[in-house]
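Single-structure report; data block below.
The values are calculated or read from the model by the stated rules, or taken from the named source; none is laboratory data. In this text, all values refer to a predicted model and were calculated from it rather than measured experimentally. Reconstructed Cβ throughout: ideal geometry from the backbone, glycine too, with neighbour counts over all protein chains shown.
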Amino acid sequence: MQDTGEDVPARRESEPVWIAAYTDWLQRAQTGDHSRVVVEIEQRQGQVSVPPHIQALWNYAKSIALFVGRRGEEALVTVEEIIASGRMADDDALVALGLAAQARLLNRTGSPLKALYSYGQAESLLRRNIDQVEESRTWPGALVELFACALDLDSRERADHLLSLCRRFPEERLLAVERLAIAHNTAEVRLWDALRSARVPPFQVDTEVLEEAVDAAGEAHRLADKIGIVVAQADPLLWQGIWQSWSGDAAYGVTLLDPILDKGDPHLHTMRLTGAASRLHALRRAGLTDRLHRVVERESSLAVDAARNRSPAGIAYLWERAVTEHPELEEPGSQLGHLLRLWEQRDRERVDFAHDLLELRITHDEIESQRQELDDLARRDPLTGVLNRRGLDPLLRASARLPVGETAALLVIDFDRLKALNDSRGHVTGDEYLQKVAHALTSESRHEDVVARIGGDEFVVLAYLSPNATEQPHAIGERIRSRVAEYTDGMVSVSVGVATRTQPVNPREWTTAADRAMYESKRGGGDRVHAVTLPEPNEAQASASG
């Protein structure tokens, strides 16, 4: 068949090309070209088949473009696709990347509790894979997103821990955009330190630490400029405006902050409250009272966000608003000011309490996950991976109770002359053939059927038959017998006993009937199928009384 034009890019492109496309989309998504970026990503995804980790990166860039374009619901759907692709690829790092991105979007769209839960799931995956992180090619991106998410959720302790993990990776292991994110978020951590170091009166910001934050932000901006990505949070004008507001020329700080804060850039989510608090502080320092009150009136919705935020920046903003409206709060001995400071401390304790609850939830989820894994292991045969008797029994009992008119067949499959095979070729070879037979049974069974190994060389298949089924139980047994021979190159034959029930039956009687049918096959020389149908209960009772 002649190749089509669409196939050419799939053959010629490689990972560096895909990464370059991702970087380009991420840059343009943040500089006003977000609608076109979404279209290009969707077109490319339809033309080129790429590995799951590349697909996840592309979807991540798409989610950023959608969010910048104020299409939050679509952005959430896109990060759910990241999570789904990670689960399909059995890659916990991709799942964690999607969950962390989901948490940030939920937090930014007014669902902080849901955001905490998504973050907790992502962190649980990190804990489970902590020993493999440094060897993975997909965990760096997930860690960077978790780091940014921890900042969004006001989790400083987690942010510090994740930053230390990010710094384990050599620079060549990180994409340029990941190095930029680490540099920028490190600057934000230092800014956090400056706000956390508040003394009485509140938010007398530590200017030395703030200066370190400004320097770190400048380094992030230089890196962003080097790779051609504009990141609003790393804009040096914003950081310089904050610096000037607290410790430099207050009027100049206002001049720097005004155009940044008033344009409503969605990337300012985590920095907006800091910038707004800084502008209020600068207006008070500069004595621009009329302007100060106009800004306070205009920012009523921002005050609501600050009250929900619980971060140092949120508390700082509320304090600056409070002292704007009630200057006496800053006076020595102010009882209301003292109460506000107590409120600040209580609020920090509330944040710590919320994080403690999250830790407990993460621990609970991990214990539940481990319990489920152990329970699954206890129900499976370690050699073949199919169910064992413990896993089969509850399913067998449920099938035995199926109502009249619903048909189920129990097939007992036993090796012919396995002992001779073990004696001639050894038990290792015998185990290999047991695995091959298990594979044959699972391959030939439907999704709703059950396969189990209940003894040394004895297997069971529990098959459900619909009223309009074309294949009868005996034919199922013949198909299984034939496939076992094919899968083992004729080295293994099996005897199959089939017992079919069409109404409720005692599980033990059902199993006994299937066993007897299997032994009937063996008495006939093996490598054959014998099928029976369980008698009606009244017939069985009549036989017993006779």
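If we scan the range 51-61, do we find a residue that is small (Gly, Ala, Ser) and out of contact with any Leu (no Cβ under 7 Å at 6 or more places or on another chain)?
Checked the range 51-61: no residue is small (Gly, Ala, Ser) and out of contact with any Leu (no Cβ under 7 Å at 6 or more places or on another chain).
Condition check for Ile476 on (1) of a type in the set (A, V, I, L, M); (2) in contact with a helix residue (DSSP H, G or I) (Cβ under 8 Å, 6 or more places away or on another chain); (3) in a helix (DSSP H, G or I); (4) in contact (Cβ under 8 Å) with a residue 60 or more places away in the chain: one failure, at (2).
Output yes when any residue across the range 443-462 is assigned to a strand (DSSP E or B) and of a type in the set (Ser, Thr, Tyr), and no when none is.
Filtering the range 443-462 down to residues assigned to a strand (DSSP E or B) leaves 450-453, 458-462.
Cutting the leftovers down to of a type in the set (Ser, Thr, Tyr) gives us none.
So far as the range 443-462 goes, no, none of its residues is assigned to a strand (DSSP E or B) and of a type in the set (Ser, Thr, Tyr).
Close contacts from the range 54-74, counting a first residue that is without any contact (Cβ under 8 Å) to a residue 12 or more places away in the chain and a second that is assigned to a helix (DSSP H, G or I), with Cβ to Cβ under 8 Å and a gap of 6+ residues or different chains, come to Glu74/Leu66.
Suppose we keep only residues that are of a type outside the set (A, V, I, L, M) and closer than 16 Å to Gln240 by Cα within the range 273-290. Which one would you say is surrounded by the most Cβ atoms within 10 Å (Cβ to Cβ)? Don't jump to the end; show me each part of the working.
Residues of the range 273-290 that are of a type outside the set (A, V, I, L, M), as a first pass: 274-275, 278-279, 281, 284-285, 287, 289-290.
Next, from what is left, pick out any that are closer than 16 Å to Gln240 by Cα: 274-275, 278-279, 281.
Working: Thr274: 27, Gly275: 22, Ser278: 32, Arg279: 28, His281: 25.
Result: Ser278.
Among the residues that make up the range 73-89, is at least one of them over 21 Å from Pro51 (Cα atoms), among the charged types (D, E, K, R) and surrounded by fewer than 22 Cβ atoms within 10 Å (Cβ to Cβ)? Looking through the range 73-89, at least one residue is over 21 Å from Pro51 (Cα atoms), among the charged types (D, E, K, R) and surrounded by fewer than 22 Cβ atoms within 10 Å (Cβ to Cβ).
Being part of a helix (DSSP H, G or I) and either at pLDDT 80 or above or out of contact with any helix residue (DSSP H, G or I) (no Cβ under 9 Å at 6 or more places or on another chain) (or both) is a property that holds for Leu165. Among the conditions (1) under 18 Å from His281 (Cα atoms); (2) at pLDDT 70 or above; (3) aliphatic (A, V, I, L, M), the only one that Leu195 does not satisfy is (2).
Residue-level check: of (1) touching a residue at least 60 places away in the same chain (Cβ under 8 Å); (2) of a type outside the set (Gly, Ala, Ser); (3) within 22 Å of Asp381 (Cα to Cα), Arg501 misses just (3).
If the condition is being under 16 Å from Gly86 (Cβ atoms) and of a type in the set (D, E, K, R), then the range 106-133 contributes Glu123, Arg128.
Residues that are surrounded by fewer than 11 Cβ atoms within 10 Å (Cβ to Cβ) and either at pLDDT 90 or above or over 23 Å from Arg501 (Cβ atoms) (or both) within the range 377-408 comprise Leu377, Ala378, Pro382, listed in sequence order.
Checked across the range 422-436, the condition of being surrounded by 17 or more Cβ atoms within 10 Å (Cβ to Cβ), in the same structural domain as Ala531 (by TED's automatic domain parsing), touching a Gly at 6+ places or on another chain (Cβ under 7 Å) and farther than 19 Å from Gly391 by Cβ holds for at least one residue.
The residue that is surrounded by the fewest Cβ atoms within 10 Å (Cβ to Cβ), counting only those in the range 19-51 that are modelled with pLDDT of 85 or more and among the basic types (Lys, Arg), is Arg36.
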